[in-house]
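The values are calculated or read from the model by the stated rules, or taken from the named source; none is laboratory data. Being a predicted model, the structure only gives us computed values, none of them experimental. Neighbour counts run over all protein chains shown; Cβ positions are idealised from the backbone, glycine included. Just so you know, the surface numbers come from the protein's heavy atoms only, side chains and all, with ligands and any DNA or RNA stripped out. Shrake-Rupley method; radii C 1.70, N 1.55, O 1.52, S 1.80 Å.
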Amino acid sequence: MNIDSIKNGYVIDHIKAGNAMIIYDALGLRELDCQVAIISNAKSKKTGKKDIIKIDENIDLDLDKLGFLDPEVTVNIVKNDEIIEKKKLSLPEKIINVAKCKNPRCITSIERDLDQIFILTDKEKQVYRCKYCESSLK
Amino acid sequence: MKHLIDIQDLSVEEIDELIKVANDIIANKEKYSPKCNGKKLATLFFEPSTRTRLSFEAAMLELGGSVLGFSESSSSSVSKGESVSDTIRVVGCYSDIIAMRHPKEGAPLVACQRSTVPIINAGDGGHNHPTQTLTDLLTISREKGRLNQMTIGLCGDLKFGRTVHSLINAMSRYQGIKFVLISPDELKIPDYVKTNVLDKLGIEYCETKDIEEYLPELDVLYMTRVQKERFFNEADYIRLKDYYILNKAKLEKAKKDLTILHPLPRVNEISTDVDDDPRAKYFEQALCGKYIRMALILKMLGIE
């Protein structure tokens, strides 16, 4: 199966197999006018299979959100047909407006214009807690 | 300007200093009576509370200051849909310091992001209640003469009981503390308190459903009420509300110098026949609440 290489943009590689569409929706890639390729179940030496997303435009990519959704991905930045940078992502220390606090007693459930902020409190167990009520994000 | 949102906002040294000032206030009440002349405390109680609000107001009045505010959200602009941020910005124009209670967890943190005056968290849902903890620490320190090397039993609603969470946070910073966590399965201490505080700091603790199992080992027994307002399902509340009842007979197995505390109000969890036992210190605890809040107001207003 051949998919065109991209001239300027991103290749999001090493996405956990099955996660590509989640990332596609969460990053709002559906709204883009440029070409976006989603490759599911590509062969991977490390994990057996993986997903890949190619974006043929230099968009403003939310790396914190991407790192939260799948901390194992690699983002290749392509400029003039060449990879100029490979970014290995990790869990961000803080995520803003990526997820919503599910605690009905949390102030975020009623206060207007309040960002939904979660802080990484346990890197090993990948636990995020609401900045306001400290409920964990599950 | 500093706010008090969580007991962890205060260092051990700051807590010790507050206790020292509170003890000095108890010993020299007249010296402190004019300290807050001309200062105003706003008590914003978005959720009803008798003793915490009155304790704050009594504290400010005894320091020579004055108080304003509301005792439930229906008598404030919140009933018109005003946000916490807006309420705080407005009240900051009329007062020098704010004590707020809110049913939503994290509300005081939202408030302090917008406030022009110091904010004291007077309780936010089942989350934090730092001034109750300061009250507890002052009482324990006065009763025991120390805040280290003791076994503390916490009994009742350990899930929603914010006083319990804050007390564990605070006491875990002292040496030689062991906790006995006594609750029914439905009201066990949340995992985040265990992982973020007890396990993280290597604090010794055990969990049990039986109040009598560890009673002879306890130096302090902290009873709590099962709070109706924290339940979405009334049937659960009715089933659990009288799970523990401490009475005189049970106390026969306890140490002679046990200190029994309760943040009050109590319902049935401590039988009234315990009130005359010299180990019952919950009314002294309520009095300590006023003195430690006086010390706190002075500190937060920067008054020596």
Which of the residues spanning the range B:131-169 are over 25 Å from B:Asp242 (Cα atoms), in a helix (DSSP H, G or I) and at pLDDT 95 or above? B:Thr131, B:Leu134, B:Thr135, B:Leu137, B:Leu138, B:Thr139, B:Ile140, B:Ser141, B:Arg142, B:Glu143, B:Lys144
Does B:Val226 fit the bill of being part of a loop (DSSP other than H, G, I, E, B), at pLDDT below 95, β-branched (Val, Ile, Thr) and in the same structural domain as B:Gly153 (by TED's automatic domain parsing)? yes
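The rows are residues; the columns are (1) closer than 17 Å to B:His3 by Cα; (2) of a type in the set (S, T, N, Q); (3) over 21 Å from the mean Cα position of the chain (by Cα); (4) open to solvent by 20 Å² or more (accessible area, probe 1.4 Å).
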{"site": "B:Glu72", "(1), (2), (3), (4)": "no, no, no, yes"}
{"site": "B:Asp86", "(1), (2), (3), (4)": "no, no, yes, yes"}
{"site": "B:Val90", "(1), (2), (3), (4)": "no, no, yes, yes"}
{"site": "B:Ile119", "(1), (2), (3), (4)": "yes, no, no, no"}
{"site": "B:Glu143", "(1), (2), (3), (4)": "no, no, no, yes"}
Only one of B:Ser271, B:Ser172, B:Ser166 is of a type in the set (Gly, Ala, Ser), free of Cβ contacts under 8 Å to residues at least 60 places away in the same chain and touching a strand residue (DSSP E or B) at 6+ places or on another chain (Cβ under 7 Å). Can you tell me which? B:Ser271
Out of the residues in the range A:97-124 that are more than 14 Å from chain B (Cβ to nearest Cβ) and surrounded by 14 or more Cβ atoms within 10 Å (Cβ to Cβ), which is farthest from B:Glu105 (Cα to Cα)? A:Val98
Could you list all residues from the range B:171-197 that are part of a helix (DSSP H, G or I) and at pLDDT below 95? B:Asp185, B:Glu186, B:Leu187, B:Asp191, B:Tyr192, B:Val193, B:Lys194, B:Thr195, B:Asn196, B:Val197
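Determine whether B:Val193 is within 18 Å of B:Gly156 (Cβ to Cβ) and either exposed (fewer than 12 other Cβ atoms within 10 Å of the Cβ) or more than 14 Å from chain A (Cβ to nearest Cβ) (or both).
The answer is no for B:Val193.
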Among the residues listed as A:Leu29, A:Leu69, A:Leu89, the single one being under 16 Å from A:Gly9 (Cα atoms) and more than 13 Å from chain B (Cβ to nearest Cβ): A:Leu29
Does the range B:260-280 include one or more residues that are touching a Pro at 6+ places or on another chain (Cβ under 7 Å), away from chain A (no Cβ under 14 Å) and open to solvent by 60 Å² or more (accessible area, probe 1.4 Å)? no
What's the total number of residues in the range B:216-251 that are under 23 Å from B:Ser141 (Cβ atoms) and either among the basic types (Lys, Arg) or over 23 Å from the mean Cα position of the chain (by Cα) (or both)? 2
For the list (1) more than 14 Å from chain A (Cβ to nearest Cβ); (2) touching a residue at least 40 places away in the same chain (Cβ under 8 Å), I need the number of the one condition that B:Gly145 fails. (2)
Just to verify a result, which residue in the range B:92-117, among those that are open to solvent by less than 40 Å² (accessible area, probe 1.4 Å) and of a type in the set (Ser, Thr, Tyr), is farthest from the other protein chains (Cβ to nearest Cβ)? B:Ser95
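In the range A:82-93, which residue that is in contact (Cβ under 8 Å) with a residue 24 or more places away in the chain and open to solvent by less than 100 Å² (accessible area, probe 1.4 Å) is farthest from B:Val193 (Cα to Cα)?
Selected residue: A:Ile83.
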Top-ranked residue in the range B:281-304 [being farther than 20 Å from B:Val164 by Cβ and not in a helix (DSSP H, G or I); ranked as most open to solvent (accessible area, probe 1.4 Å)]: B:Glu304
Collect the residues in the range A:94-120 that are closer than 20 Å to B:Ile5 by Cβ and in contact with a helix residue (DSSP H, G or I) (Cβ under 7 Å, 6 or more places away or on another chain), keeping them in residue-number order. A:Cys101, A:Ile107, A:Glu111, A:Leu114, A:Gln116
I'd like to check something: does the range B:122-136 contain any residue that is among the polar types (S, T, N, Q), on the phi > 0 side of the Ramachandran plot and either open to solvent by 10 Å² or more (accessible area, probe 1.4 Å) or within 14 Å of another protein chain (Cβ to nearest Cβ) (or both)? no
Say whether the condition of being open to solvent by less than 20 Å² (accessible area, probe 1.4 Å) and touching a Gly at 6+ places or on another chain (Cβ under 8 Å) is met by at least one residue in the range B:2-13. no
Which ones in the range A:94-138 are touching a residue at least 40 places away in the same chain (Cβ under 8 Å) and within 19 Å of B:Lys159 (Cα to Cα)? none
